[in-house]
Amino acid sequence: MQEYSFIARSRLDRTGGGVGLFINDDFTFNVRDDLRSDNNDIDSVFIELSLRNVIIGCVYRRPNSDVNMFSTYIDSVLSRINIEKRVGYVTGDLNVNLLKFDVHAPTTDFVNCIFSHSFLPVIDKPTRITENTATLIDNIITNDNLVSPISRIIYT
């Protein structure tokens, strides 16, 4: 039976919520507190896999919070990952509907931000579907060439 470590960042201003990562105990890692957000509208936790040159993060942006502020935060995280020449995976509930990249200016800016750091979204289909809506607000963005993410929503 495999064992896992759980690294979490709980919300301090209310009960429930937060973000976390389960890491298989076969991996050694360091928590990267320098990449987490101090903004109450963003919950985040990051680790660096010691032998793999990889940074992995889980991020949650509260709905209706400022997308431009979130883009600024993501810009700083992706910049740091690239400066350190690391492979990065940032996953989570971003609450930025990538299906609206061509009609919503803050979403366009967010997409341009991640592209400018050579990160691409891995998921290109809606992640939340109701009878009346379909949104793509949960995603994984990476600069890992081996994943070969193809984002048909961007290129079609």
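The values are calculated or read from the model by the stated rules, or taken from the named source; none is laboratory data. From a predicted model like this one, the values you see are computed outputs, not experimental measurements. Cβ: placed from backbone, ideal geometry, glycine included. Neighbour counts: every protein chain shown. Please note that ligands, DNA and RNA were not included when accessible areas were found on the heavy atoms of the full protein model with its side chains. Shrake-Rupley method; radii C 1.70, N 1.55, O 1.52, S 1.80 Å.
Quick notes on this one:
- Qualifying positions in region 107-137 - closer than 13 Å to Asn95 by Cα and out of contact with any strand residue (DSSP E or B) (no Cβ under 9 Å at 6 or more places or on another chain): Thr107, Phe110
- Residue among Ser5, Ser71 that is within 24 Å of Thr135 (Cβ to Cβ) and open to solvent by less than 50 Å² (accessible area, probe 1.4 Å): Ser71
- Sole exception among (1) farther than 25 Å from Pro126 by Cα; (2) surrounded by fewer than 19 Cβ atoms within 10 Å (Cβ to Cβ); (3) of a type in the set (Asp, Glu) for Asp93, by number: (1)
- Among the residues making up region 8-54, those that are of a type in the set (S, T, N, Q), open to solvent by 20 Å² or more (accessible area, probe 1.4 Å) and closer than 22 Å to Ser79 by Cα are Asn30, Asn39, Asn40, Ser50, Asn53.
- Qualifying residue in region 78-88 (condition: within 21 Å of Pro106 (Cα to Cα), among the polar types (S, T, N, Q) and either open to solvent by 20 Å² or more (accessible area, probe 1.4 Å) or within 11 Å of the chain's Cα centre (by Cα) (or both)): yes
- Any strands (runs of 3 or more DSSP E) falling wholly within region 1-119 and containing at least 2 residues that are touching a residue at least 12 places away in the same chain (Cβ under 8 Å) and among the aliphatic types (A, V, I, L, M): 4-9, 19-24, 42-49, 54-61, 87-93
- Residue identified as at pLDDT 95 or above, of a type in the set (D, E, K, R) and closer than 23 Å to Ala134 by Cβ among Asp109, Asp34: Asp109
- Every residue from region 128-151 that is on the phi < 0 side of the Ramachandran plot, open to solvent by 50 Å² or more (accessible area, probe 1.4 Å) and either in a helix (DSSP H, G or I) or of a type outside the set (A, V, I, L, M, F, W, C) (or both): Arg128, Thr130, Glu131, Asn132, Thr133, Asn145
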